[in-house]
Amino acid sequence: VKLISYSKDGEMLVGLTDGRSVARLSGRLDGPITDMISLIESWDSLGEQVRAVRTFDYPLADVRLEAPIARPGKILGIGLNYADHAAEAGMPLPEQQIWFSKLVNTVAGPFDPIERPRVSSMLDYEAELVVVIGRRCRHVERDRASKVIFGYCAGNDVSVRDWQMRTSQFLLGKSFDTHAPYGPWIVTTEELDPSDLYIRCTVNGEPRQDSRTKHLIFKCADQIAYLSQVMTLEAGDLIFTGTPGGVGAAMKPPKWLVPGDKVRVEIEGIGAIENVVTNEGEAR
Ligand code: ZN
(Lines give C-alpha, C1' and ligand atoms only; values in the text may rest on other atoms or scores of the structure.)
Protein backbone atom coordinates (compact mmCIF):
# COMPACT_ATOMS: atom_id res chain seq x y z
CA VAL A 1 0.00 0.00 0.00
CA LYS A 2 0.97 3.66 -0.34
CA LEU A 3 0.95 5.66 2.88
CA ILE A 4 1.04 9.45 3.07
CA SER A 5 1.43 12.19 5.61
CA TYR A 6 -0.64 15.16 4.54
CA SER A 7 -2.19 18.33 5.78
CA LYS A 8 -5.76 19.37 5.20
CA ASP A 9 -7.57 22.32 6.76
CA GLY A 10 -4.66 22.93 9.10
CA GLU A 11 -4.54 19.36 10.41
CA MET A 12 -1.60 16.97 9.98
CA LEU A 13 -2.91 13.51 9.13
CA VAL A 14 -1.84 10.06 8.02
CA GLY A 15 -3.59 8.39 5.13
CA LEU A 16 -3.69 5.73 2.49
CA THR A 17 -3.70 6.62 -1.20
CA ASP A 18 -4.28 4.75 -4.43
CA GLY A 19 -2.61 7.58 -6.33
CA ARG A 20 -5.94 9.35 -7.01
CA SER A 21 -7.82 9.46 -3.72
CA VAL A 22 -7.03 9.57 -0.01
CA ALA A 23 -8.45 7.50 2.82
CA ARG A 24 -7.87 9.19 6.15
CA LEU A 25 -6.34 6.70 8.60
CA SER A 26 -5.99 9.03 11.60
CA GLY A 27 -9.08 8.31 13.73
CA ARG A 28 -10.15 5.37 11.56
CA LEU A 29 -8.06 2.50 12.92
CA ASP A 30 -8.31 0.57 16.20
CA GLY A 31 -5.42 2.43 17.72
CA PRO A 32 -4.27 6.02 18.12
CA ILE A 33 -2.34 6.98 15.00
CA THR A 34 -0.76 10.31 15.78
CA ASP A 35 1.82 10.24 13.01
CA MET A 36 3.52 7.92 10.52
CA ILE A 37 6.01 6.55 13.05
CA SER A 38 3.17 5.45 15.35
CA LEU A 39 1.49 3.72 12.39
CA ILE A 40 4.73 1.95 11.45
CA GLU A 41 5.25 0.83 15.05
CA SER A 42 1.68 -0.56 15.16
CA TRP A 43 1.85 -2.14 11.70
CA ASP A 44 1.86 -5.76 12.94
CA SER A 45 -1.59 -5.22 14.48
CA LEU A 46 -3.02 -2.51 12.16
CA GLY A 47 -1.57 -3.42 8.77
CA GLU A 48 -4.42 -5.77 7.92
CA GLN A 49 -7.01 -3.06 8.61
CA VAL A 50 -5.15 -0.63 6.38
CA ARG A 51 -4.90 -3.16 3.55
CA ALA A 52 -8.65 -3.75 3.82
CA VAL A 53 -9.62 -0.08 3.36
CA ARG A 54 -11.78 0.28 0.26
CA THR A 55 -13.51 3.63 0.77
CA PHE A 56 -11.76 6.92 0.21
CA ASP A 57 -12.50 10.34 1.70
CA TYR A 58 -11.30 12.89 -0.83
CA PRO A 59 -9.24 13.38 -3.99
CA LEU A 60 -5.46 13.39 -3.59
CA ALA A 61 -5.45 16.81 -5.26
CA ASP A 62 -7.34 18.25 -2.27
CA VAL A 63 -4.57 17.57 0.25
CA ARG A 64 -1.06 18.87 0.68
CA LEU A 65 1.49 16.05 0.73
CA GLU A 66 4.05 16.42 3.50
CA ALA A 67 7.27 14.52 4.18
CA PRO A 68 6.08 10.99 5.07
CA ILE A 69 8.00 11.16 8.35
CA ALA A 70 8.49 14.70 9.60
CA ARG A 71 11.14 13.91 12.21
CA PRO A 72 12.98 10.68 11.48
CA GLY A 73 15.21 9.56 14.33
CA LYS A 74 18.10 9.21 11.89
CA ILE A 75 18.80 10.02 8.28
CA LEU A 76 21.79 8.09 6.97
CA GLY A 77 23.35 8.35 3.53
CA ILE A 78 25.89 6.19 1.76
CA GLY A 79 28.54 7.67 -0.53
CA LEU A 80 29.77 6.44 -3.93
CA ASN A 81 27.36 3.54 -4.16
CA TYR A 82 26.98 3.39 -7.95
CA ALA A 83 30.07 2.64 -10.05
CA ASP A 84 29.36 5.40 -12.60
CA HIS A 85 29.02 7.98 -9.82
CA ALA A 86 32.29 6.88 -8.20
CA ALA A 87 33.97 7.17 -11.61
CA GLU A 88 32.64 10.66 -12.33
CA ALA A 89 33.78 11.72 -8.84
CA GLY A 90 37.27 10.47 -9.71
CA MET A 91 37.17 7.96 -6.87
CA PRO A 92 37.95 4.22 -6.81
CA LEU A 93 35.11 1.81 -6.08
CA PRO A 94 34.72 1.76 -2.30
CA GLU A 95 35.79 -1.40 -0.50
CA GLN A 96 34.04 -0.26 2.67
CA GLN A 97 30.66 1.42 2.96
CA ILE A 98 31.08 5.19 3.32
CA TRP A 99 28.47 6.61 5.67
CA PHE A 100 27.40 10.12 6.55
CA SER A 101 24.37 11.64 8.20
CA LYS A 102 21.89 14.26 7.14
CA LEU A 103 20.49 16.02 10.18
CA VAL A 104 16.74 16.20 10.76
CA ASN A 105 16.44 19.87 9.70
CA THR A 106 17.01 18.66 6.12
CA VAL A 107 13.58 17.02 5.89
CA ALA A 108 11.31 18.53 3.26
CA GLY A 109 8.07 17.44 1.64
CA PRO A 110 7.89 15.86 -1.81
CA PHE A 111 6.83 19.12 -3.47
CA ASP A 112 8.45 21.62 -1.10
CA PRO A 113 11.11 24.11 -2.22
CA ILE A 114 14.82 23.35 -2.01
CA GLU A 115 16.72 26.32 -0.61
CA ARG A 116 19.88 27.59 -2.26
CA PRO A 117 21.96 28.63 0.74
CA ARG A 118 23.10 32.17 1.31
CA VAL A 119 26.69 30.88 1.73
CA SER A 120 27.09 28.78 -1.42
CA SER A 121 26.02 28.49 -5.04
CA MET A 122 27.42 24.96 -5.51
CA LEU A 123 24.02 23.34 -5.08
CA ASP A 124 23.56 19.84 -6.48
CA TYR A 125 20.99 17.04 -6.68
CA GLU A 126 21.30 13.29 -6.02
CA ALA A 127 18.36 11.04 -6.95
CA GLU A 128 18.12 8.18 -4.46
CA LEU A 129 16.02 5.25 -3.39
CA VAL A 130 15.15 5.82 0.27
CA VAL A 131 14.60 2.91 2.66
CA VAL A 132 12.23 3.38 5.61
CA ILE A 133 13.07 1.17 8.58
CA GLY A 134 10.07 -0.71 9.99
CA ARG A 135 11.21 -2.06 13.33
CA ARG A 136 13.76 -1.60 16.05
CA CYS A 137 16.69 -3.87 15.27
CA ARG A 138 20.38 -4.47 15.89
CA HIS A 139 22.89 -6.90 14.32
CA VAL A 140 20.57 -7.81 11.46
CA GLU A 141 21.85 -10.64 9.28
CA ARG A 142 22.00 -9.77 5.61
CA ASP A 143 19.41 -12.36 4.60
CA ARG A 144 16.99 -11.10 7.26
CA ALA A 145 17.38 -7.42 6.40
CA SER A 146 14.26 -7.25 4.22
CA LYS A 147 12.22 -8.11 7.35
CA VAL A 148 13.13 -4.82 9.02
CA ILE A 149 12.32 -2.65 5.99
CA PHE A 150 8.90 -1.00 6.12
CA GLY A 151 8.93 0.57 2.69
CA TYR A 152 10.51 2.82 0.11
CA CYS A 153 10.40 6.43 -1.09
CA ALA A 154 12.02 8.54 -3.77
CA GLY A 155 14.44 11.09 -2.33
CA ASN A 156 16.88 13.81 -3.27
CA ASP A 157 20.13 13.89 -1.28
CA VAL A 158 20.66 17.58 -2.04
CA SER A 159 24.31 18.47 -1.54
CA VAL A 160 26.31 21.68 -1.22
CA ARG A 161 29.56 20.60 -2.82
CA ASP A 162 32.02 23.18 -1.50
CA TRP A 163 30.82 22.65 2.06
CA GLN A 164 30.79 18.87 1.50
CA MET A 165 34.38 18.72 0.24
CA ARG A 166 35.93 21.45 2.38
CA THR A 167 36.89 18.89 5.04
CA SER A 168 36.93 15.11 5.25
CA GLN A 169 33.49 15.08 6.90
CA PHE A 170 30.41 15.42 4.67
CA LEU A 171 28.02 16.36 7.47
CA LEU A 172 27.64 20.10 6.90
CA GLY A 173 27.49 19.95 3.10
CA LYS A 174 24.70 17.38 3.42
CA SER A 175 22.74 19.07 6.19
CA PHE A 176 21.47 22.42 4.94
CA ASP A 177 17.78 23.09 5.66
CA THR A 178 15.35 21.52 3.12
CA HIS A 179 18.06 19.32 1.57
CA ALA A 180 16.33 15.97 2.06
CA PRO A 181 13.03 16.20 0.18
CA TYR A 182 11.45 12.75 -0.14
CA GLY A 183 8.18 10.95 -0.75
CA PRO A 184 5.71 11.34 -2.32
CA TRP A 185 4.54 8.42 -0.14
CA ILE A 186 5.89 5.28 1.44
CA VAL A 187 5.35 2.22 -0.73
CA THR A 188 5.33 -0.75 1.64
CA THR A 189 7.65 -3.69 1.05
CA GLU A 190 5.00 -6.22 0.07
CA GLU A 191 4.22 -4.05 -2.95
CA LEU A 192 7.75 -3.38 -4.20
CA ASP A 193 10.88 -5.38 -4.96
CA PRO A 194 13.62 -2.71 -4.94
CA SER A 195 16.30 -4.78 -6.66
CA ASP A 196 15.91 -3.50 -10.24
CA LEU A 197 13.95 -0.25 -10.58
CA TYR A 198 14.70 2.63 -12.90
CA ILE A 199 15.82 5.78 -11.07
CA ARG A 200 15.87 9.13 -12.84
CA CYS A 201 16.50 12.77 -12.20
CA THR A 202 15.58 15.65 -14.46
CA VAL A 203 16.19 19.38 -14.06
CA ASN A 204 13.62 21.51 -15.90
CA GLY A 205 12.78 18.38 -17.89
CA GLU A 206 16.39 17.82 -18.99
CA PRO A 207 17.58 14.26 -18.20
CA ARG A 208 20.52 14.25 -15.76
CA GLN A 209 20.52 10.86 -14.04
CA ASP A 210 19.10 7.64 -15.48
CA SER A 211 20.06 4.32 -13.97
CA ARG A 212 18.67 1.23 -12.28
CA THR A 213 18.84 0.14 -8.66
CA LYS A 214 20.44 -3.15 -9.72
CA HIS A 215 23.64 -1.11 -10.09
CA LEU A 216 23.84 -0.36 -6.36
CA ILE A 217 27.27 -1.55 -5.20
CA PHE A 218 26.13 -2.22 -1.62
CA LYS A 219 22.51 -3.43 -1.71
CA CYS A 220 19.84 -2.33 0.77
CA ALA A 221 20.41 -5.53 2.77
CA ASP A 222 24.19 -4.97 2.88
CA GLN A 223 23.60 -1.46 4.15
CA ILE A 224 21.25 -2.53 6.94
CA ALA A 225 23.50 -5.40 8.00
CA TYR A 226 26.50 -3.09 8.16
CA LEU A 227 24.84 -0.15 9.91
CA SER A 228 23.10 -2.32 12.47
CA GLN A 229 26.45 -3.66 13.65
CA VAL A 230 27.00 -0.15 14.97
CA MET A 231 23.62 1.20 15.95
CA THR A 232 20.08 0.24 16.78
CA LEU A 233 17.87 1.11 13.84
CA GLU A 234 14.36 2.21 14.69
CA ALA A 235 10.98 2.55 13.02
CA GLY A 236 10.99 5.60 10.78
CA ASP A 237 14.75 5.88 10.33
CA LEU A 238 15.66 6.75 6.74
CA ILE A 239 18.50 5.40 4.63
CA PHE A 240 19.46 7.24 1.43
CA THR A 241 20.94 4.37 -0.57
CA GLY A 242 23.23 6.24 -2.96
CA THR A 243 23.03 8.12 -6.24
CA PRO A 244 23.93 7.11 -9.80
CA GLY A 245 26.16 9.07 -12.17
CA GLY A 246 25.06 12.36 -13.67
CA VAL A 247 25.29 14.84 -10.81
CA GLY A 248 25.77 18.49 -11.69
CA ALA A 249 29.23 18.64 -10.10
CA ALA A 250 30.57 16.11 -12.62
CA MET A 251 29.42 18.02 -15.71
CA LYS A 252 31.99 20.02 -17.62
CA PRO A 253 31.58 22.77 -16.70
CA PRO A 254 29.57 21.93 -13.57
CA LYS A 255 25.88 22.77 -13.71
CA TRP A 256 24.72 23.97 -10.32
CA LEU A 257 21.08 24.32 -9.39
CA VAL A 258 19.81 27.90 -9.51
CA PRO A 259 16.61 29.51 -8.24
CA GLY A 260 13.64 28.57 -10.40
CA ASP A 261 15.05 25.16 -11.36
CA LYS A 262 12.55 22.33 -11.05
CA VAL A 263 14.22 19.11 -9.91
CA ARG A 264 12.34 15.87 -10.36
CA VAL A 265 13.35 12.48 -8.96
CA GLU A 266 11.39 9.49 -10.17
CA ILE A 267 11.69 5.83 -9.22
CA GLU A 268 9.84 2.98 -10.90
CA GLY A 269 7.04 1.58 -8.76
CA ILE A 270 7.18 4.51 -6.35
CA GLY A 271 6.53 7.75 -8.22
CA ALA A 272 8.09 11.18 -8.37
CA ILE A 273 8.96 14.10 -6.15
CA GLU A 274 9.43 17.55 -7.65
CA ASN A 275 11.08 20.47 -5.90
CA VAL A 276 11.70 24.01 -7.07
CA VAL A 277 14.90 25.78 -6.04
CA THR A 278 14.45 29.07 -4.18
CA ASN A 279 16.90 31.39 -2.52
CA GLU A 280 17.22 30.75 1.21
CA GLY A 281 14.58 32.73 3.05
CA GLU A 282 12.42 33.37 -0.02
CA ALA A 283 10.21 30.28 0.19
CA ARG A 284 6.77 30.79 1.62
ZN1 ZN B 1 23.79 10.72 -1.79
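The values are calculated or read from the model by the stated rules, or taken from the named source; none is laboratory data. Please read these numbers as outputs of a predicted model, since none were measured by experiment. Positions of Cβ are backbone-derived with ideal geometry, glycine not excepted, and every protein chain shown enters the neighbour counts. Note: areas computed on protein heavy atoms with side chains; ligands, DNA, RNA excluded. Shrake-Rupley method; radii C 1.70, N 1.55, O 1.52, S 1.80 Å.
What percentage of the solvent-accessible surface of region 166-208, computed with a 1.4 Å probe over protein heavy atoms, is contributed by carbon and sulfur atoms?
54 percent
How much area per residue is accessible in region 140-229 when the probe is 1.4 Å and only protein heavy atoms are counted (Å²)?
That works out to 42 Å² for each residue.
Rolling a 1.4 angstrom probe over the protein heavy atoms, how many square angstrom per residue are accessible across region 240-279? Show your work: numbers first, answer last.
Numbers: 1430 Å² over 40 residues.
Per-residue value: 36 Å².
Longest segment of the chain with no GluC sites (Glu not before Pro) in a DSSP loop having at most 10 other Cβ atoms within 10 Å?
Answer from the scan: 96-281.
What does the accessible area per residue of region 95-134 come to in Å², with a 1.4 Å probe and no ligands, DNA or RNA counted?
It amounts to 36 Å² per residue over region 95-134.
Lys8's amide H: which non-local residues (gap 5+, or another chain) put their own amide H closer than 5 Å, with H modeled 1.01 Å from N in plane and none for Pro or chain starts?
Placed amide hydrogens put Leu13 under 5 Å from Lys8.
Assigning unit charges at the beta carbon (Lys, Arg +1; Asp, Glu -1) and nothing else, what dipole magnitude in debye, to the nearest 20, does the chain show about its Cα centre?
260 debye
Under 15 Å from the Cβ of Ile273, count the other residues' Cβ atoms, weight Lys and Arg +1, Asp and Glu -1, and hand me the total.
The answer is -3.
Of the cross-linked pairs Lys74/Lys219; Lys214/Lys255; Lys2/Lys174; Lys102/Lys262; Lys8/Lys174, which ones have a Cα-Cα span greater than 25 Å in the structure shown?
From Lys74/Lys219; Lys214/Lys255; Lys2/Lys174; Lys102/Lys262; Lys8/Lys174, over 25 Å: Lys214/Lys255; Lys2/Lys174; Lys8/Lys174.
Which of the trypsin sites (Lys or Arg not before Pro) across region 129-190 are loop residues per DSSP, with 14 or fewer other Cβ within 10 Å?
Arg136, Arg138, Arg166
I need to check one value: relative contact order of region 166-284, counting alpha carbon pairs closer than 8 Å and at least 6 residues apart, in percent.
29 percent.
How big is the antiparallel share of DSSP beta bridges in the chain, given as a percent to the nearest 5?
Here the share of antiparallel DSSP bridges comes out near 90 percent.
Taking the Cβ of Gly245 as the center, what net charge do the other residues with Cβ under 11 Å away carry, scoring Lys and Arg +1 and Asp and Glu -1?
Here the count lands on -3.
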